[in-house]
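Structure first, then comments.
We did not get these values from a lab; they are worked out from the coordinates using the rules stated. This is a predicted model, so every value here is computed, not measured. Here the Cβ positions follow ideal geometry from the backbone for every residue, glycine too, while neighbour counts run over all protein chains shown.
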Amino acid sequence: MIEVRDDAFLLQTRHTSYWFARTAHGHLEHLHYGPLLPPQDPEALRTKRALPYGSSVVYAPDDEGYSLDAIPLEFSGIGQGDYRLSPIEVFTAFGADVDLVYRGHRIREGATPAETLPTADGGPGVETLEVTLADERAGLELTLLYTVFPDEDVITRRTVLRNTGAAPAEIARLASLQLDLPDRGFTIRSFDGGWIHEAHAHDRPVSSGVFSIGSTTGASSNRHNPGLLLIAGDADEHCGWAYGFNLVYSGNHATSVERDAHGSVRVRSGIQPQAFRWPLAPGEAFEAPEAVLAFSDEGLNGLSDRMHRFVRAHITPERYRGLERPVVYNSWEAAFFDIDEKRLRGLAKQAAKLGVELFVIDDGWFAGRGDDRAALGDYAVDERKFPSGLGAFVKKVAKLGMRCGIWVEPEMVSEDSELYRAHPDWALRIPGKPAREGRHQQVLDLCNPEVCDYLVEQLGALIDGAGFDYVKWDMNRHIADAYSPHVPHPGMTAHRYLQNLYRVIARVLEPRPHVLLEMCSSGGNRFDLGMLRSAAVIWASDDTDPIERLDIQQGLSYLYPPSVVSAHVSASPHQQTLRDTPLSTRFNVAAFGCLGYEYDLDFLTAEEKREITEQIAFYKAHRTLFQFGRFRRGMPGMPTPAGRVVWQVDDGDTTLVGNFQRGVRAAPERDLLAIAGLEPGIRYRVTAKPQRVMLERLGHLVNHVSPVRVDPNGLVMNVVSRHRSLPDGVEQYTGTGELLASGIRLELQFSGTGHHATTRMLGDHGSTLYLIERIEREDDA
Ligand code: GLA
């Protein structure tokens, strides 16, 4: 709900309030963003300013106490006395000097979609407040748009700058959002990394000066996700105040957190200003991307829940909303480039038997693509690998009961390709300078409309020609050579590329609503809300090692729901870390996302096949919960013990908990498992999902349980371990919601003193999934 009372603007969601007010001089003073406040006179929230302050610059001669440096502002200018970092830098005839004051406002029902960028969808109860500020002398008009999503407790903000003057202006920076908050002992949590270690959470206290994250790679990047949290001093996963910020944008971004000497913290977020320039002719307007804000006084889990619900209801494209994601098999980690019809058919047959629903042909299917050095940009199928064509393969996969998907990397071109030979000028290139390649490839100039048309045509023909139901859209390098002759100013290249990319994706996908889109960029190099406006899921990382994924998926979980995180089970030892992990843990981690498998099924033992078949059946039985349930990290009433990770999803009736152990300690401490979100007074049954300990994991220890002595490296053991395994931790507990919240004392872990059916065989990297269900009748217990 949006209410305007005198000069105050009250934005109310179900559990939060965001208030600001006009000052006597027309600036917008930020008053409150936090728990829901009933509408009232906000005077107590205003910054008191009876007297001038030391060296500060006074805005108006007749109002000595009015210095903009001391006022929390909705959007600052430059040169008016506020010396914190400005969200706007526009060059006009008056230099960068800009003073934005209130001119008017209106309230509209629903969201107001941007024309040039993706923005969140509206829905019931959604309203938008547009406040117009202007600097008439400079000829600039700025519209601040606030969209209120009451049910999800989210507010989005964006800005539109219009040149109302007679002379051209040039934008060097236009942030989407500025938010000035009183410091509450904040910690900043950012999600950083690189290839195969994306989205690791890092914390540091807010202190004097500026902290910033951003990207200059042309994508939102694996270096710093655009999302960021501010966590109040006493908050944790379960309680306390926390703020979340994110951007609906997939390109170069910048977010800074600045603390001034008066304890005010300014968050500023939007397009990265490095190498950015946007000329604005008289009458023209520029739209900055939409920024997403959420507040929770129920800790970080509360904050994530709000972000998750927002993504599911307003970011995920309508056609994918609530749509269960299929269990996927992807050929990449099984075969890399070494694919052909015969090999893939063999894999597909086995995948179908295991219960897979959709088979994805990854890289290597098109002519000339024997490795990563050639052929990007071309779409002709390699007839030696697929003599009967892709369409025939799709039909064969359909006969096995699966749908079929295809990998593409549309934004790229290899120098050794038909496309490059025909159109060498279609790649981004600094005039007169050799290309800077990454993964032996160059980036197509999406500022060129001809390139965009080519992609729309080729991709459409590929999808329709073979009948694909799924596209994995990859982008495997950072952008360099960001120069295009197709924009009026070189500083426009990176942003125009993005605007056109969004349009290309929409032109390919919107006419084909049955096609599921998986985004990928060397894993999670473009994991952002901009991509999620078109994609059903994003490949979170090329790193499928489950122990690494604990960090990656946990980092993403602060901002993104499991329904958009694509997560696959792969071989062990892992291709990047050499870490050996149990098959059970590989599944238990991937299950908290959109499940897939990508490894060589030819070498699975009968026992592994049984395990995987059961995993997929279990996942399908609880898929809605895994993908759309309420996700929580940690345990109520206690910090997560070192070396453990606990995740849970629930829907009010059923709960699934993953209990993960990174590394074992000898004589381990007794483990407690506390479960959140259960109803007091209701009785529940907690059952560990049955899983196997493969005999090869036990090595020579097998002689402790085997009736006859066997050579752990011998033939007998080899044969037996393909067909036999040990049950792992048969556990069951019952109790009321409050009992389970206070903590189950779990069965013992293996600690060298023998084995019992209930023993949890965790060791290094072991884990258990627990299913918690209501006990309807006491005799069910
Ligand atoms: C990237 C992707 C992988 C795979 C390869 C194919 O690395 O992230 O999943 O598709 O490209 O070349």
ask   = Roughly how many whole Å is it from the C-alpha centroid of the range 533-563 to that of the range 453-502?
value = 24 Å
message = Along the charge dipole of the chain, pointing to its positive end and built from +1/-1 on Cβ of Lys, Arg, Asp and Glu, which listed residue (763, 336, 427) has its Cα farthest out?
response = 763
Cross-link pairs 342/472; 472/689; 396/620 - those with Cα-Cα distance over 26 Å = 472/689
query = Rg and Dmax of the range 430-473 over Cα atoms: what are they, in angstrom?
reply = 14.3, 43
ask   = Distance from the Cα centre of the range 635-689 to that of the range 596-632, in angstrom?
value = 20 Å
Whichever aspartates and glutamates have a C-alpha closer than 15 Å to that of residue 395, once near sequence neighbours (fewer than 8 apart) are set aside = 341, 357, 464, 469
ask   = Which FRET efficiency, nearest 0.05, do residue 170 and residue 234 yield, Cβ-Cβ r, R0 51 Å?
value = 0.65
message = With the crude spin-label approximation of a point 7 Å out along Cα→Cβ, what separation in nm comes out for residue 50 versus residue 421?
response = 8.3 nm
For the range 631-780, average projected area of the Cα convex hull in nm² = 10.2 nm²
Cβ-defined net charge surrounding residue 504, 15 Å radius [Lys, Arg +1; Asp, Glu -1] = -2
message = Using the Cα atoms of the range 293-375, I'd like the radius of gyration and the largest Cα-Cα distance, Dmax, both in angstrom.
response = 19.5, 56
ask   = Distance from the Cα centre of the range 727-781 to that of the range 6-71, in angstrom?
value = 54 Å
Student exercise, the chain dipole from Lys, Arg, Asp, Glu Cβ charges, in Debye to nearest 20 = 1760 debye
query = So what is the 222 nm mean residue ellipticity for the chain from helices alone, if each DSSP H run of at least 4 adds -39500 (n - 2.57) and you divide by all residues, rounding to the nearest 500 deg cm²/dmol?
reply = -5500 deg cm²/dmol
inquiry  = Could you give me D for the range 491-648, from Stokes-Einstein at 37 °C and 0.692 mPa s, where the hydrodynamic radius is the Kirkwood radius over C-alpha pairs? Units µm² s⁻¹, please.
reply    = 190 µm²/s
ask   = Given the range 428-569 reduced to its alpha-carbon atoms as identical point scatterers, what log10 I(q)/I(0) does the Debye formula return at q = 0.12, 0.19, 0.20, 0.21 Å⁻¹?
value = -0.57, -1.20, -1.26, -1.31
remark   = Volume per residue (Å³) of the convex hull spanned by the alpha carbons of the chain is 171 Å³
ask   = How much net charge surrounds residue 387 when only other residues with a Cβ under 11 Å from its Cβ are counted (Lys, Arg +1; Asp, Glu -1)?
value = -1
query = If you line up the long axis of helix 299-310 against the longest principal axis of the chain, both from Cα atoms, how many degrees apart are they, to the nearest 10?
reply = 90 degrees
task = Just subtract the alpha-carbon distance of residue 395 and residue 638 from 0.36 nm times their residue separation and send over the number in nm, one decimal.
result = 82.2 nm
note = For residue 489, placing the label point 7 angstrom along Cα-to-beta-carbon and taking the range 74-101, residues whose amide nitrogen sits under 12 Å are 89-93
ask   = Taking the range 1-154 as the region of interest, what is the percent of Cα-Cα pairs per 10 angstrom bin, listed from the shortest bin to the one with the maximum distance?
value = 10, 35, 35, 17, 3
task = With 5 Å bins from zero, work out the P(r) of the range 64-177 over every alpha carbon pair and list the percent per bin.
result = 2, 11, 20, 20, 18, 14, 9, 4, 1, 0
inquiry  = Straight-line reach from residue 433: which aspartates and glutamates fall under 16 Å, measuring Cα to Cα and dropping same-chain residues less than 8 apart?
reply    = 415, 425, 445, 481
task = Quick one: net charge around residue 223, please, counting Lys, Arg +1 and Asp, Glu -1 for every other residue with C-beta under 11 Å from its C-beta.
result = -2
Linear extension gain, residue 577 paired with residue 41, 0.36 nm per residue minus alpha-carbon span = 187.1 nm
Computed FRET value (nearest 0.05) for residue 285 with residue 624, which takes r as the C-beta separation and R₀ as 60 Å = 0.90
ask   = Once the mean 1/r over all distinct Cα pairs of the range 602-688 is inverted, what Kirkwood radius in angstroms do you read off?
value = 15.2 Å
